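See below for the structure under consideration.
The values are calculated or read from the model by the stated rules, or taken from the named source; none is laboratory data. Given the structure is predicted, the values throughout are model-derived calculations rather than measurements. With ideal geometry, Cβ positions are generated from the backbone for all residues, glycine too; neighbour counts draw on all protein chains shown.
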Amino acid sequence: MAPIYSSSSAVSTSLLISVVVSFLMAASAGNFYQDFDITWGDGRAKILNNGEFLTLSLDKTSGSGFQSKNEYLFGKIDMQLKLVPGNSAGTVTAYYLSSQGPTHDEIDFEFLGNLSGDPYILHTNVFSQGKGNREQQFYLWFDPTADFHTYSILWNPQSIIFSVDGTPIREFKNSESIGVPYPKNQPMRIYSSLWNADDWATRGGLIKTDWTQAPFTASYRNFNADACIWSSGASSCSSNSPTSISPSPDWYSQELDSTSQGRMKWVQKNYMIYNYCTDTKRFPQGLPPECTATTTS
């Protein structure tokens with residue numbers, strides 16, 4: 001942060017504005033007791049260090065999971081994860097936003113486990129009005145099991161941007177103008193789970209989970225939601241319009257600048273291993289309209 005040179009009254013005004021905005025928005029310092037409920041796993045999920053850390057575990061009997069207490073409609077969501085180390089083949093750590101029902105919306109990060117020494121696969125997807133099939137997959141350019149890394153979802157009316165440690169890896173733009181539904185009306189909770197998916201996760205299910213390595217554990221810290229909370233049919237962002245907040249939150253109108261677009265293209269060129277928008281065998285009748293309109297990256 002740059003040095004601040006101002007009078008005490010200006011500082012007080014700035015602090016007051018920050019407090020007001022923080023009250024209107026869901027700005028979390030990352031206390032898992034306050035922000036999340038453990039939803040399943042029979043004790044395999046644990047909140048530690050007075051709410052600073054959370055761990056999910058998987059053994060042969062069960063996995064585990066949690067969900068946010070709040071629902072959100074637009075925002076910037078950050079979470080730091082340290083993934084299952086060693087031979088994690090067959091396991092999936094899922095971290096995503098989702099609404100409920102047959103026409104649900106969903107924004108997915110899924111981390112597909114690996115044999116020791118092989119790279120994790122980061123699987124992304126976007127559902128709108130119950131329709132998904134928008135997968136993009138990446139290798140990561142670091143070992144995600146050695147330390148915590150920040151995985152972010154920026155969701156606003158214009159686009160959904162997936163980022164890793166501040167580097168954008170994927171953008172899904174609002175393409176309603178060409179008939180593609182976009183997630184914008186259904187509030188979503190944050191979910192995460194660690195579960196066994198050895199029927200499909202590693203090399204299409206060829207590699208099975210080695211239960212001698214169990215329990216498998218993923219760790220979480222530093223959750224932050226700079227977002228609009230949805231409660232009792234209304235948004236905390238003043239009549240569903242964050243632009244009415246002064247100052248307006250940056251994320252609500254944020255787009256990728258040329259530098260960020262360059263960084264995203266670098267990731268996609270060097271680390272993308274699957275893109276539904278280039279899979280002509282899967283879509284013999286033609287690629288989805290958002291692909292041919294080049295409105296999704």
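Overview of results
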item: Scope the range 29-69; condition touching a helix residue (DSSP H, G or I) at 6+ places or on another chain (Cβ under 8 Å), crowded, with 21+ Cβ neighbours inside 10 Å and either part of a loop (DSSP other than H, G, I, E, B) or modelled with pLDDT under 95 (or both); matching residues; result: none
item: Every residue from the range 151-204 that is under 11 Å from the mean Cα position of the chain (by Cα) and closer than 28 Å to D118 by Cβ; result: Y151, S152, I153, I161, F162, S163, V164, Y191, S192
item: Checklist (1) under 19 Å from A94 (Cβ atoms); (2) touching a helix residue (DSSP H, G or I) at 6+ places or on another chain (Cβ under 6 Å); (3) surrounded by fewer than 16 Cβ atoms within 10 Å (Cβ to Cβ); (4) in contact (Cβ under 8 Å) with a residue 40 or more places away in the chain applied to D199, failing item; result: (4)
item: Scan of the range 136-147 for residues that are surrounded by 17 or more Cβ atoms within 10 Å (Cβ to Cβ) and closer than 20 Å to K265 by Cβ, ordered by number; result: Q136, Q137, F138, L140
item: Which listed residue, of S9, S14, S18, S22, is part of a helix (DSSP H, G or I), farther than 24 Å from D147 by Cβ, at pLDDT below 95 and in contact with a Ser or Thr (Cβ under 8 Å, 6 or more places away or on another chain); result: S14
item: Residues of the range 70-92 classified as more than 26 Å from W230 (Cβ to Cβ) and either assigned to a loop (DSSP other than H, G, I, E, B) or hydroxyl-bearing (S, T, Y) (or both), total; result: 9
item: Every residue from the range 93-135 that is of a type in the set (V, I, T), part of a loop (DSSP other than H, G, I, E, B) and surrounded by 17 or more Cβ atoms within 10 Å (Cβ to Cβ); result: none
